[in-house]
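Let me begin by presenting the structure, written as structure tokens, before commenting on it.
The values are calculated or read from the model by the stated rules, or taken from the named source; none is laboratory data. Quantities reported herein were computed from a predicted structural model and do not represent experimental measurements. Reconstructed Cβ throughout: ideal geometry from the backbone, glycine too, with neighbour counts over all protein chains shown. These accessible areas exclude ligands, DNA and RNA; they are computed on the full protein's heavy atoms, side chains included. Shrake-Rupley method; radii C 1.70, N 1.55, O 1.52, S 1.80 Å.
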Amino acid sequence: MRKSIWNDSVTLSEFNKLQGDKKTDVLIIGGGICGILCAYYLKEAGIDYILVEGNKIAQGITQNTTAKITFQHGLIYDKLITSMGKEKAQMYLNANKDAITKYKSLCKNIECDFEEKDAYVYS
């Protein structure tokens, strides 16, 4: 198993195993960054939810990322333009820009060392 650099500097919370039958409005399957963000927004909206994870929260793919957030997806834009047209590619770009704006806003309220940095694409 690969070791993530984040494991050396972070202690993750432990959660009890789900016991018995539960009722909820929304079931989130997966405790990576996407599942955690879904849970955050559902809680903010006052919606009843349960987040379940087969192993441990923030493990799997999430633990092995570089934590880089970008909308600089050159090859994806080319594929979108070719297969769906410029308008759809622009929609994808705008959605990604909006998401980064929201991340910046969220990070103002939590201690997470969020920083903006320049990004470069080269081959």
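Hey, does segment 92-102 have a residue that's surrounded by 15 or more Cβ atoms within 10 Å (Cβ to Cβ) and of a type in the set (S, T, N, Q)?
Yes, segment 92-102 contains at least one residue that is surrounded by 15 or more Cβ atoms within 10 Å (Cβ to Cβ) and of a type in the set (S, T, N, Q).
Identify all residues within segment 29-64 that are assigned to a strand (DSSP E or B) and among the β-branched types (Val, Ile, Thr); write none if there are none. Please lay out each step first, then the result.
Start the filter on segment 29-64 by keeping residues that are assigned to a strand (DSSP E or B), which leaves 29, 49-52.
Passing the criteria: Ile29, Ile50, Val52.
Restricting attention to segment 37-58, and to residues there that are modelled with pLDDT under 95 and among the acidic types (Asp, Glu), which single residue is nearest to Ala99 (Cα to Cα)?
By that ranking, first place goes to Glu44.
May I ask you to list the residues in segment 34-56 that are among the basic types (Lys, Arg) and either surrounded by 15 or more Cβ atoms within 10 Å (Cβ to Cβ) or in contact with a His (Cβ under 9 Å, 6 or more places away or on another chain) (or both)?
First, the residues of segment 34-56 that are among the basic types (Lys, Arg): 43, 56.
Answer for segment 34-56, where residues must be among the basic types (Lys, Arg) and either surrounded by 15 or more Cβ atoms within 10 Å (Cβ to Cβ) or in contact with a His (Cβ under 9 Å, 6 or more places away or on another chain) (or both): there is none.
For segment 65-86, which residues satisfy the criterion of being open to solvent by 60 Å² or more (accessible area, probe 1.4 Å) and in a loop (DSSP other than H, G, I, E, B)? Reasoning before the result, please.
Start the filter on segment 65-86 by keeping residues that are open to solvent by 60 Å² or more (accessible area, probe 1.4 Å), which leaves 65-69, 71-72, 75-76, 78-79, 81-84, 86.
Within segment 65-86, Thr65, Thr66, Ala67, Lys68, Ile69, Phe71, Gln72 qualify.
Give the residues of segment 107-119 that are hydrophobic (A, V, I, L, M, F, W, C), under 25 Å from Tyr41 (Cβ atoms) and loosely packed, with under 13 Cβ neighbours inside 10 Å, sorted by residue number.
Selection gives Ile110, Cys112.
What single numbered condition from (1) modelled with pLDDT under 90; (2) within 17 Å of the chain's Cα centre (by Cα); (3) open to solvent by 70 Å² or more (accessible area, probe 1.4 Å) fails to hold for Tyr122?
The single condition Tyr122 does not satisfy is (2).
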